[in-house]
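To start, the structure itself, in structure tokens.
The values are calculated or read from the model by the stated rules, or taken from the named source; none is laboratory data. On a predicted model such as this, the values are computed, not experimentally measured, just so you know. Here the Cβ is made from the backbone with ideal geometry for all residues, glycine too, and neighbour counts use every protein chain on show. Areas reflect the complete protein model, heavy atoms only, side chains present, ligands, DNA and RNA absent. Shrake-Rupley method; radii C 1.70, N 1.55, O 1.52, S 1.80 Å.
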Amino acid sequence: METNQSYVMVALQLLGSLGLLIYGMRMMSEALQKMAGPQLRHILARMTTNRLTGMLTGTLVTCAVQSSSATTVMTVSFVSAGLLTLAQAISVIMGANIGTTLTAWIMSLGYNVDLTSVVYPAFLVGMVLIYKKRHRYVGDFLFGTAFLFLSLVMLSSAGKAMDLEHNKEVIAFFASFDTSSHFTILAFLAIGTLITCIVQSSAAVMAITILLCSTGVLPIYLGIALVMGENIGTTATANLVALGANTQARRAALAHLLFNVFGVVWVLIVFYPFVDMVCNLVGYDPTAGGQTQLLPVVLAMFHTCFNVINTAILIWFVPQMERAVCWLLPTKGEGKEEEFRLQYIQSNLVQTPEIAVLQAQKETAAFGLRVGRMFGMVRQLFDDADGKQFEEQFGQIEHEEDLTDRMEIEIARYLEQVSDDHLSNETKQKIRQMMREISELESIGDSFYKMARTLSHKEESGKQFTDHQNAQLQSMMSLCDEALTQMNTVMHGHRSEHDIRETYRIENNINELRVRLKTENVESVNDHEYDYSVGTFYIDIVNELERLGDYVVNVVEARFGK
């Protein structure tokens, strides 16, 4: 009974240690991403077409955030938002695979060095910094690091408590596998892939593998097979979050899978010579056994060699990989989908609030373009004097107005989801600005619909504007068109590149024209140039155009943070 209880306690310690490991890695990753904040966004968003630069960026970012999944999901999100091309994303993902090897080295260090002396001071300093809100993210990072190291200490002690090296049943079980058979290697590769897909953490699978190998019960060949499976399984995270994204995002996630599958295929072809070469680098003899303290280092070295060599081979074939994933995932009706869902935001791609802001900015800019196109429909409706296509055009504007309502709600919901987490002050300010922008953009869409409805009522009444009224409305619409064009230019660029005074100038011209037209209208009605109802339709459109100018100013001011 006591033996069974001790096994249960060891099993619980093992599972708890793995849970703590995953939590610590996640806490470290999120804290580092929040500390980097806008800088991290700018690094990835301003990637050049140089594949080597992209690879180095992916490596450095992954080393910084300690999570290849985080880097890959960011990259997939950026492709979805149109901030990175597919070719750029592929090179970044290659670099992420190299950067993730640092995690394996940290774990191998944890099994060979007593980290207890580091854990408790890290907890103490982290707690102090968390309470000092100014350095809260540094404290979160130290806490995550402490949890990571503590979990490695607990895993090591759990491994010793399990005493697997003296358990005849366990030794006999692993000894029953023929390590010289490729079928056995493939079986363990499949097991590693499956476990990684289930737990969604390559770090946890690596920890289990290191634990089993360090006790001496798991042969190094089988341990390396598990590591290869972990490389394939870790691609599941990006592919899962890309399921609801656009085609380009799914292609980027598929490229990650193809990269790792290609690496596994060529390693399987030269498996035994390659593993022996890695063992020789470390100074371990796989045929002699013993020296179990070197096995974590062998696994880390294999992981590094695998990813570095695989990247060195495939970095020169990025265009071919791009063509391959485009062939495997052809574009199907993307243009039709754009009307019914947001173009750049997918809610399942919210990985880090700081990064998610870029998707929202891109979507808000797309919102601006949509209302710009909508104004073109209103002008076309105004020009349709004979009314042959009036009903069809009016229905199209009505449909567009409904879409602007939906866009406002969905972007706002996304921003609320992002703002639930701790954010930097700069990001909080950007979210407030975007909330204001989408509200004003939706008001612009409402304004267009009101103008279209006024024109519809005029059409039903059988009344017509005079040539002078038509000319004056065209002049005012041209000013509004100029204002919308300037608004979209500002929204698609950096505010430092533009001058808000240009928007104010156009708005002043609209206001002056509105005042003049209202005065003229009163005089024209009194002089019986047209009846009162025509004057009412006329002034309703003039007033709506003036309000449109105000909404545009509000959007631009929000973009400038005023």
Worksheet item: Cα extents of region 465-508 along the three principal axes, largest first, in whole Å?
Response: 44, 18, 8
Discussion item. At 7 Å along Cα-to-Cβ for each site, give me the label-to-label distance between H494 and R436 in nm.
Written reply: 2.2 nm
Discussion item. Please compute, for the alpha-carbon atoms of region 421-553, the extent along each of the three principal axes and give them in descending order in Å.
Written reply: 63, 28, 19
Discussion item. If I compute solvent accessible area with a 1.4 Å probe over the protein chains, what percent of it on region 453-511 is carbon and sulfur?
Written reply: 45 percent
Item to complete: Only Lys, Arg, Asp and Glu count, each charged at its Cβ (+1, +1, -1, -1), so figure out the dipole size of region 433-541 about its Cα centre, rounded to 20 debye.
Response: 200 debye
Worksheet item: Once you wrap a convex hull around the alpha carbon atoms of region 367-500, what is its projected area averaged over all directions, in nm²?
Response: 9.3 nm²
Practice prompt. Provide the per residue accessible area, probe 1.4 Å, for region 174-324, rounded to a whole number of square angstrom.
Written response: 36 Å²
Practice prompt. Evaluate E = 1/(1 + (r/R0)^6) for L52 and H457, where r is the Cβ-Cβ distance and R0 equals 51 Å; express this FRET efficiency to the nearest 0.05.
Written response: 0.20
Practice prompt. For region 480-562, state what percent of all Cα-Cα pairs lands in each successive 10 Å bin, counting from 0 Å until the bin that includes the largest distance.
Written response: 18, 40, 23, 14, 6, 0
Worksheet, complete the sentence: At 37 °C in a medium of viscosity 0.692 mPa s, region 395-469 has a Stokes-Einstein diffusion coefficient, with Rh taken as the Kirkwood radius over alpha carbon pairs, in µm² per second, of 222 µm²/s
Worksheet item: Hey, which of these cross-link pairs are over 22 Å Cα-Cα: K362/K428; K132/K430; K428/K562; K463/K518; K458/K518?
Response: K132/K430
Worksheet item: If you roll a 1.4 Å probe over the heavy atoms of the protein chains, what accessible area per residue do you get for region 377-517, in Å²?
Response: 50 Å²
Worksheet item: Just by accessible area at a 1.4 angstrom probe, what is the order of V199, V325 from largest to smallest?
Response: V199, V325
Response to the item:
If each part is reduced to its alpha-carbon centroid, region 529-562 and region 358-382 end up apart, in Å, by 17 Å
Practice prompt. Would you kindly state how much longer the chain becomes between V522 and C326 on full extension, computed as 0.36 nm times their sequence separation minus their alpha carbon distance, in nm to one decimal?
Written response: 64.3 nm
Worksheet entry | Virtual spin-label span in nm between V8 and A412, 7 Å along Cα→Cβ | 5.3 nm
